[in-house]
Amino acid sequence: MPLDKSGTKASVGRNISELMHSEKKYPQRQAIAIALDVKRRAAREKGGKDKKK
């Protein structure tokens with residue numbers, strides 16, 4: 001279950017869907033938290049900071 005390491009909205013949505021429909025079947029809130037964490041880590045690796053509102 002490799003997740004997309006991109007920070008786009010589409011990749012976050014795909015990651016959430018992948019986590020919810022994988023063998024482990026993560027709950028929706030946990031899948032969202034994991035997907036957003038992947039997005040933040042990808043932004044840091046790219047050299048920028050994730051936008052905080």
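Read the figures in this text as sums done on the coordinates, not as results from a lab. Computed from a predicted structure; not experimentally measured. Neighbour counts run over all protein chains shown; Cβ positions are idealised from the backbone, glycine included.
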Problem - Scan of the stretch 1-17 for residues that are assigned to a loop (DSSP other than H, G, I, E, B) and polar (S, T, N, Q), ordered by number - result: 6, 8
Exercise for the section: Could you grab me the full set of residues in the stretch 33-42 that are surrounded by fewer than 17 Cβ atoms within 10 Å (Cβ to Cβ) and in contact with a helix residue (DSSP H, G or I) (Cβ under 8 Å, 6 or more places away or on another chain)? Expected result: 34, 36
Problem - Subset of the stretch 1-22 (residues that are surrounded by 13 or more Cβ atoms within 10 Å (Cβ to Cβ), touching a Leu at 6+ places or on another chain (Cβ under 8 Å) and not polar (S, T, N, Q)) - result: 3, 12, 18, 19
Problem - Search result, residues across the stretch 18-36 that are of a type outside the set (A, V, I, L, M, F, W, C) and in a helix (DSSP H, G or I) - result: 18, 28, 29, 30
Exercise for the section: Considering only the stretch 4-32, state which residues are touching a helix residue (DSSP H, G or I) at 6+ places or on another chain (Cβ under 9 Å) and acidic (Asp, Glu). Expected result: 4, 18
